[in-house]
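Participant: This is the structure I want to talk about, given as structure tokens.
The values are calculated or read from the model by the stated rules, or taken from the named source; none is laboratory data. The structure presented is a predicted model; accordingly, all values stated were derived computationally and were not measured. A quick note on method: Cβ atoms are made from the backbone with ideal geometry, for glycine too, and the neighbour counts reach across all protein chains shown. Ligands, DNA and RNA are stripped out before the accessible areas are found, and what is left, the full protein with its side chains, is counted by its heavy atoms. Shrake-Rupley method; radii C 1.70, N 1.55, O 1.52, S 1.80 Å.
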Amino acid sequence: MRDILRNRMGWLHAWVGFVGGLVLVVAFTGGTLALFDTEITRWMEPELAALPEAAMTGEALDHAGAQVWALREKGQNVFLNLPSARDPVLRILHYDGHAFVGPVLDPRDGTALNSRETRGGQLFFDLHQSLYRGPVWGNLVTEAAGIGLIVAVISGVIIHFRNLVPNLLLFRPFAAPGRAWLDAHLVAGVLLLPFIIMMAYTGAVIHAPRLFPMIGAGHAARPAGRPDAGMRVVGPYAPLAPMLAQAEDIFGRGRIGFVMFGTGTVSFYRADAADFAMTRDHADFSAGDGRLVGVERIGRGMPRLGGAMRGLHFIRWGTPALRWLYFVCSVVGSMMMAAGLGLFLMKHRRVHGGTFRLALAETLALAVTLGLPLASLGYLWGSRLLPPELVHRADRETGVFFLVWLVALLHAGMRCLGGAVRPAWREQACAIAVLGCGLPILDVVSRAETAFRLRADVYLAVDACALGFGLLALWGQRVIVRAR
Amino acid sequence: MTLKSNRKTAKGGLWKRWLGRFVGGVACAYVCALGLFSLASGHAGGLDAILRQSLAIAVLPLVIVGLFALPGRRSGPSVFVALAVPFLHLTLS
Amino acid sequence: MIVLVSLICWGLALLCHGLLQPKIRRLLYIGSGRPVVPRVARLVLPLVALGMCARLEMPLSILVWVGTFSVGGLLAGGVLAVEVFRRGRPGRF
């Protein structure tokens, strides 16, 4: 091998791509699912399927507010999430270190709904941003991987520069496996270039304080904590409904997302979905008499840059069509990275075949490429199979996710160390096919009262996606068999 | 950009050289980014923290790839140290 | 509706772009020539898509335009791959 630019860039792309790719496939897959975190959470709370669609009443808000104050007087750091088009219920939430969880309230009267305890789709958000190891080390690793992704993209563009436009659509899936995977990697990589660069860059900027801790700009991720003793205030408290009406006069009708409770104040925050720039504009009221005490708006120009980055990355303001576009791009992006991992292994299999190092690389690649989707499906299965009244249910559900992932890793390790790499991929693809194709049946069986009301809702969408991925895995394992 | 091929250079040697170059490049890029922070915050008014972070994140991968693409092999990572010193000085001053 | 129209425009434009590439033309048994319609379509259709997306709010319009480029390209690539297979010369170029 000669020390020329193309070879150097090839080395950079291959090694940064592979080492970073092991993290990036997890982050991208987690991010893909986190795009619909609210919808997944609702799927995991089947008790809410029977709830009729209803607007929130003032009585419900006041009742919810009283419950929040009662919890805060007991020292719990909770806030109130208001109903939205994506999640039409009231929620009293607290941060448990990984997700915002808490009781669900009826938007008609504010009474507690008998919903099961779950972290829902927020598990995938946590996995995406911090590999479930936030807020320091996990964020730092994903941040470094994000920078690595940009490095891999730039080096990949340099390698492929001459053929970038002519081979934009050259995909030969029926060619030799190496050629077909390379084509898939290139076509998806080039077509998704704007999306991947945008997501990697905005994601890296959002978590930049982790990489540059000496630059004080604050960081969104904060560990869970209990309120200070000074925050505990005692009633009587003014009703929330009139305050919400005033806040809506300021920010617009239906644009309030959540209510925070402070020392003698109640703050109504603008919803993330209200605007492209995700800012924390809020109106503050006196908790005792409901008087407006202040409004904070992030001004135009530079202060909104951080909000714009978050808006572009999290896309909470987006229409369903845009969110589906992001979803498709993210799924293909994950597959493109997985294809890159496969290409790296194919290349090194020729020289290092049979060595422990390669078997380890094969194991890790399989565990993130197929093991993670398998664990995600296992998580959804666990959500419906675990008893609703189980103690520490959210932890048990998360435990199911990591247990399935661990089993997938051990399976991959045993098979790859035994030299049976192809059967290992096939077996995990089969497992995904079984869990994916079986999920709609599980949904119908475990949600018998409401499952036969066929309508375009979150249940149908999650079932259809699981079925789609199950069928894709079924096709994939047949391709593996044929390529033998 | 093309350098003369050295037949004596084993593949493992090249791999180690590139690894050294990459590690040196990353360290240099990080120091460059910190230098950029200092420059951006140093002048009148100073730039907003988020803008400085955005610039640093944009510069970091470009510098890593740029340094990795630089020709020359004998100097190795020592070149990067020499390049990084002015930025380090800016950061500390 | 705008998303769908933009997707179709991008898909067709990139399909035309693919049909103009020598490697793909060889795979599809298309003789060498310089057809005018695909050349015009690959220039005009993205602009039509942009015009449609411009009816949305900013920055939604830009995101939809770029997003439909990616998805439209994937669809066009899939159509071309199927067509190559159908014409019975898989893997040869």
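Participant: Restricting attention to segment A:163-189, which residues are without any contact (Cβ under 8 Å) to a residue 24 or more places away in the chain and either more than 13 Å from chain C (Cβ to nearest Cβ) or open to solvent by less than 40 Å² (accessible area, probe 1.4 Å) (or both)?
Facilitator: Once the filter is applied, which keeps residues that are without any contact (Cβ under 8 Å) to a residue 24 or more places away in the chain and either more than 13 Å from chain C (Cβ to nearest Cβ) or open to solvent by less than 40 Å² (accessible area, probe 1.4 Å) (or both), segment A:163-189 yields A:ASN167, A:LEU168, A:LEU169, A:LEU170, A:ARG172, A:ALA175, A:ALA180, A:ASP183, A:VAL187.
Participant: Looking only at residues in segment A:190-207 that are over 26 Å from A:PRO135 (Cα atoms) and assigned to a helix (DSSP H, G or I), which one is least open to solvent (accessible area, probe 1.4 Å)?
Facilitator: A:LEU191
Participant: Please pick out the residue among A:THR369, A:THR363 that is in contact with a Cys (Cβ under 6 Å, 6 or more places away or on another chain) and either on the phi < 0 side of the Ramachandran plot or of a type in the set (S, T, N, Q) (or both).
Facilitator: A:THR363
Participant: Keeping to segment A:162-187, report how many residues are farther than 18 Å from C:LEU20 by Cβ and not in a helix (DSSP H, G or I).
Facilitator: Adding up the residues that qualify gives 4.
Participant: Of the residues that make up segment A:396-405, is at least one surrounded by 14 or more Cβ atoms within 10 Å (Cβ to Cβ), among the charged types (D, E, K, R) and free of Cβ contacts under 8 Å to residues at least 24 places away in the same chain?
Facilitator: yes
Participant: Let me ask you something else. Of these, A:ARG6, A:ARG42, A:ARG72, A:ARG2, which one is in contact (Cβ under 8 Å) with a residue 12 or more places away in the chain, of a type in the set (Lys, Arg) and within 14 Å of another protein chain (Cβ to nearest Cβ)?
Facilitator: A:ARG6
Participant: How many residues does segment A:441-459 hold that are in a helix (DSSP H, G or I) and in contact with a Pro (Cβ under 9 Å, 6 or more places away or on another chain)?
Facilitator: Residues meeting the conditions: 3.
Participant: Among the candidates A:ARG42, A:ARG91, which residue alone is crowded, with 21+ Cβ neighbours inside 10 Å, among the basic types (Lys, Arg), at negative phi and within 17 Å of the chain's Cα centre (by Cα)?
Facilitator: The conditions single out A:ARG42.
Participant: All but one of (1) touching a Ser or Thr at 6+ places or on another chain (Cβ under 7 Å); (2) surrounded by 22 or more Cβ atoms within 10 Å (Cβ to Cβ) hold for A:ALA60, so report the exception by its number.
Facilitator: (1)
Participant: Now for a separate question. I'd like to verify a number: residues in segment A:313-323 that are assigned to a helix (DSSP H, G or I) and open to solvent by 40 Å² or more (accessible area, probe 1.4 Å), how many?
Facilitator: 3
Participant: Which is at positive phi and at pLDDT 90 or above, of A:GLY17, A:GLY31, A:GLY102?
Facilitator: The match here is A:GLY102.
Participant: So A:THR263 passes all but one of these: (1) of a type in the set (S, T, N, Q); (2) more than 26 Å from A:ALA60 (Cα to Cα); (3) open to solvent by 20 Å² or more (accessible area, probe 1.4 Å). Which condition number does it fail?
Facilitator: (2)
Participant: Here is a further query. On the basis of being modelled with pLDDT under 80 and open to solvent by less than 20 Å² (accessible area, probe 1.4 Å), does B:ALA84 make the cut?
Facilitator: Yes, satisfied.
Participant: Being more than 10 Å from chain A (Cβ to nearest Cβ), farther than 24 Å from A:HIS13 by Cβ and modelled with pLDDT of 80 or more narrows it down to one of B:GLY46, B:GLY35, so name that one.
Facilitator: Checking each option against the conditions leaves just B:GLY35.
Participant: In this structure, is A:MET309 aliphatic (A, V, I, L, M), within 13 Å of chain C (Cβ to nearest Cβ) and out of contact with any Ser or Thr (no Cβ under 8 Å at 6 or more places or on another chain)?
Facilitator: Spelling it out, it is not the case that A:MET309 is aliphatic (A, V, I, L, M), within 13 Å of chain C (Cβ to nearest Cβ) and out of contact with any Ser or Thr (no Cβ under 8 Å at 6 or more places or on another chain).
Participant: Would you confirm whether any residue within segment A:22-29 is surrounded by 18 or more Cβ atoms within 10 Å (Cβ to Cβ), more than 14 Å from A:VAL259 (Cα to Cα), of a type in the set (S, T, N, Q) and touching a Leu at 6+ places or on another chain (Cβ under 7 Å)?
Facilitator: Scanning segment A:22-29, I find at least one residue that is surrounded by 18 or more Cβ atoms within 10 Å (Cβ to Cβ), more than 14 Å from A:VAL259 (Cα to Cα), of a type in the set (S, T, N, Q) and touching a Leu at 6+ places or on another chain (Cβ under 7 Å), so the answer is yes.
Participant: Take A:ASP463 and decide whether it is in a helix (DSSP H, G or I), free of Cβ contacts under 8 Å to residues at least 40 places away in the same chain and open to solvent by less than 60 Å² (accessible area, probe 1.4 Å).
Facilitator: Criteria met by A:ASP463.
Participant: So, in segment A:110-144, how many residues would count as being among the hydrophobic types (A, V, I, L, M, F, W, C) and closer than 17 Å to A:PRO88 by Cα?
Facilitator: Within segment A:110-144, residues that are among the hydrophobic types (A, V, I, L, M, F, W, C) and closer than 17 Å to A:PRO88 by Cα number 2.
Participant: If we scan segment A:324-338, do we find a residue that is touching a Cys at 6+ places or on another chain (Cβ under 9 Å), surrounded by fewer than 20 Cβ atoms within 10 Å (Cβ to Cβ) and within 14 Å of chain C (Cβ to nearest Cβ)?
Facilitator: Yes, there is a match, as at least one residue in segment A:324-338 is touching a Cys at 6+ places or on another chain (Cβ under 9 Å), surrounded by fewer than 20 Cβ atoms within 10 Å (Cβ to Cβ) and within 14 Å of chain C (Cβ to nearest Cβ).
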